[in-house]
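What follows draws every value from the coordinates through simple rules; no lab data is involved. What you are looking at is a predicted structure, and each value in this text was computed from that prediction instead of being measured. Cβ sites come from the backbone with ideal geometry, for glycine too, and all protein chains shown count toward neighbours.
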Amino acid sequence: MSNTKNTDESQGSQKPQSSRNSSRTNDNQKSQSRPSPMDVLRQARGQLAELTGMEAESVSSFEQTEEGWALEVEVLELERVPDTMSLMASYQVELDAEGQLTGYRRVRRYERGRSDARRGGR
């Protein structure tokens, strides 16, 4: 009888440990399902290039939002000679929490060699 009792006690003591392990596994699965910021950047650049046919040259803005991620991506729209006359564009790109592109739009077009106009009245 004592063997049965020890078996029951040992099984009882193992149950909390296994539930702790399963909660760790769930935490690991959750963290694995959320992409890292670098993964989000790579996914955004790749998805935008696939949709527009234009490669991203840089990311000028990147932030996490309630819905996922918001980026501003600079792309070369029209290559010209000299390079400073090439047409660039800024695209606002939105991704969900998993890093899948949910929308984009061009917000600005400019020549590569031109800086933004000064603001502030001078």
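Could you tell me whether the stretch 37-111 comes out rounded, prolate or oblate from its Cα gyration tensor? Rule is a ≥ b ≥ c as square roots of the eigenvalues, rounded for a/c under 1.5, then prolate if a/b exceeds b/c, otherwise oblate. Let's see the in-between values first.
Values: a/c = 2.46, a/b = 2.16, b/c = 1.14.
Cα axes put the stretch 37-111 in the prolate bin.
Can you sort Leu101, Leu71, Leu76, Leu95 from fewest to most other Cβ atoms within 10 Å of each residue's own Cβ? Provide the component values of the computation, followed by the final result.
Working: Leu101 19, Leu71 22, Leu76 16, Leu95 25.
Ascending number of Cβ neighbours within 10 Å: Leu76, Leu101, Leu71, Leu95.
Amide H to amide H, with H built 1.01 Å from N, Ser86 comes under 5 Å of Arg80, Arg112, Gly113, counting only residues 5 or more places away or on other chains. Couplings for the stretch 65-76, taken from phi via the Karplus curve 6.51 cos²θ - 1.76 cosθ + 1.60 with θ = phi - 60°, read 10, 5, 8, x, 9, 10, 10, 10, 10, 9, 10, 8 Hz in order; Gly and Pro are left as x.
Using +1 on the beta carbon of Lys and Arg, -1 on that of Asp and Glu, and nothing else charged, what's the dipole of the stretch 37-111 about the Cα centre, debye to 20? All intermediate terms of the calculation are to be shown ahead of the outcome.
Details: 7 positive and 16 negative charges, 57 e Å.
The calculation lands at about 280 debye.
Packing order of peptides 103-112, 43-52, highest average first: 43-52, 103-112 (average count of other Cβ atoms within 10 Å over each peptide's residues).
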